[in-house]
Every structure is written in structure tokens, then in C-alpha cells.
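Participant: Supplied in C-alpha cells, the structure appears directly below.
The values are calculated or read from the model by the stated rules, or taken from the named source; none is laboratory data. All values reported here derive from a predicted model rather than from experimental measurement. Ideal geometry is used to build each Cβ from the backbone, glycine not excepted, and the neighbour counts take in all protein chains shown. SASA here: full protein model, heavy atoms, side chains in, ligands and nucleic acids out. Shrake-Rupley method; radii C 1.70, N 1.55, O 1.52, S 1.80 Å.
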Amino acid sequence: MKPRERLEEKRRVRLEEIDERIADGTLTIRKMTTAERRRFGVGDPDRPYKRFFVPGARPGTRRAEQEYQSAVRAVRSATSVFPTDRRIFRVDCSLDGEACRLQVGEPLADEVVIAIFELRGGDELVVSTADDAVALRILAAGADVLDFA
């Protein structure tokens, strides 16, 4: 099974589980409050994208920054190249000839993407998960990159 197919299957299963939980009443969905919408920049034309975060850590905390710096060191160790200071939220690219969207906080195979790095030189991007500092390498040429706001 291709990586893109695995991602789509995992996403489909997650959505089915959510639908089941909504149907049986164990999960409710509520609207965001006005304060939450302001905090996360939803609908704010000056902040159209998500603010920086690391999955599993609260945004803007020391722990989040420590987790991110730990991932930076792991990528450096695995690739012998320093990542740039760029903080990437999402990459639209082609994997195995198929369009693919890789996003921080979203699944990649059996793991969750914790960070996406641009390696010095700008030729290559690295997708990191909690278990694998270099879960996926992508050529930057032809990739559409969206940075955190």
C-alpha cells in the first residue's frame, strides 16, 4: 500500500469512529466561542493560518519549544544537516506520483507528524514523527509549503 493510500485509509477510519461516537452520544461537537476564535485567529484576515504548535504540547509553552528543539537536534543527528529556522505547518507535494498533503498534527502512516523541517540549502524537506526524526524526505522543488503564522 502506498503512503498516500495508508494516510487516506487511516483518515477514513478516524472519521468513521468520530461519526459513530457522535451517533451514540459519547462525543459532542460544539461551536468555538468568540474568545477561542480570537485566540486561534479563526476568521482573522491578519492571521489566516495556525499559530505554531507541537502536537502533545500546549502552544507557546516552554515545553513546546523544548520538544521542537529536541526534534531539531534529532533531524540534525540523522541527516548531518542543520534545519533552517523556518517553521512549516503544511506541505502539498507528490508522493509516488500522487498528490499528498502532509500537515503538523495529522497522521503519517501509524504516527502523527510533529514537525516539518527545511534542511539548510533548501533542496529538501524532512517530515518528523515522535518515533522517527526522518520519517519522510521530500524534494523541496515542486512542493507547496505553508509556514506557521
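Participant: Which angle between 0 and 90 degrees, to the nearest 10, do you get for helix 3-24 versus the longest principal axis of the chain when only C-alpha atoms count?
Facilitator: 20 degrees
Participant: Determine the share of the chain's accessible area contributed by carbon and sulfur atoms, expressed in whole percent, with a 1.4 angstrom probe.
Facilitator: On the way: 4630 of 9580 Å².
That fraction is 48 percent.
Participant: Can you work out the accessible area per residue across the chain, with the rest of the protein chains kept in place, probe 1.4 Å, in square angstrom? Write out the running numbers ahead of the final one.
Facilitator: Working: 9580 Å² over 149 residues.
In whole numbers, the chain has 64 Å² accessible per residue.
Participant: Just grab the label-to-label distance for R37 and R73, each label 7 Å out from Cα along the Cβ direction, in nm (one decimal).
Facilitator: My value for the distance between the label points is 4.2 nm.
Participant: Next question. Using amide H atoms built in the peptide plane, which far-off residues or other-chain residues are under 5 Å from E106 H to H?
Facilitator: Under 5 Å from the amide H of E106 lie the amide H atoms of V113, each far enough along the sequence or on another chain.
Participant: Using a Gaussian network model of the chain whose springs link C-alpha atoms within less than 10 Å, name the residue from L102, L119, L27 with the highest mean-square fluctuation.
Facilitator: L27
Participant: Using a Gaussian network model of the chain with C-alpha springs under 10 Å, which one of T33, T61, T129 is most mobile by mean-square fluctuation?
Facilitator: T33
Participant: Could you give the length gained on full extension between R62 and E111, defined as 0.36 nm per residue of separation minus the Cα-Cα distance, in nm?
Facilitator: Residue separation times 0.36 nm, minus the Cα-Cα distance, leaves 15.3 nm.
Participant: Angle check, please: helix 62-79 long axis (alpha carbons) against the longest principal axis of the chain (alpha carbons), in degrees 0 to 90, nearest 10.
Facilitator: With rounding to tens, the tilt is 40 degrees.
Participant: Please tell me the relative contact order of the chain in percent, rounded to the nearest whole number, where contacts are Cα pairs under 8 Å and at least six residues apart.
Facilitator: Values: 220 pairs, mean separation 31.8, N = 149.
Computed value for the chain: 21 percent relative contact order.
Participant: Right, here's the next one. Here are several values of Cα Rg over 2.2 N^0.38 Å: [x] 1.13; [y] 1.61; [z] 1.67. Which one was derived from the coordinates shown?
Facilitator: It is the value labelled [x].
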